[in-house]
Amino acid sequence: MALPKIEDVRNLSDADLAEKIAEAKRELFDLRFQRATRQLEKPHLFKHTKHRLAQLLTIERERQ
């Protein structure tokens, strides 16, 4: 799985962007919980999720 492209994020509406941000934060929380309970099988998902969240927050900030 390749890292997501920022062009995909730029095409989202404001409502979709806010929804994706909440979804990424929830996923990151779940990954942290899995790591704490030693159930995490794919540690690379941390990098992908954090990267995606950073992209989403950057686009949100640009639109303000």
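Bear in mind that the values in this text are calculations on the coordinates, not laboratory data. Computed from a predicted structure; not experimentally measured. Every residue, glycine among them, receives a Cβ derived from its backbone with ideal geometry; neighbour counts consider all protein chains shown.
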Take the residues of segment 48-64 that are touching a residue at least 40 places away in the same chain (Cβ under 8 Å) and among the basic types (K, R): which is nearest to E7 (Cα to Cα)?
-> R52
Checked pairs for segment 8-35, first in contact (Cβ under 8 Å) with a residue 24 or more places away in the chain and over 14 Å from T58 (Cβ atoms), second of a type outside the set (S, T, N, Q) and surrounded by 12 or more Cβ atoms within 10 Å (Cβ to Cβ), C-beta under 7 Å and 6 or more apart or across chains, list as K25/L53; L28/K50; L28/L53
From the residues in segment 1-26 that are surrounded by 10 or more Cβ atoms within 10 Å (Cβ to Cβ) and among the acidic types (D, E), which one is farthest from the chain's Cα centre (by Cα)?
-> D14
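Only one of F46, F29 is within 11 Å of the chain's Cα centre (by Cα), surrounded by 13 or more Cβ atoms within 10 Å (Cβ to Cβ) and aromatic (F, W, Y); which?
Matching residue, one of F46, F29: F46.
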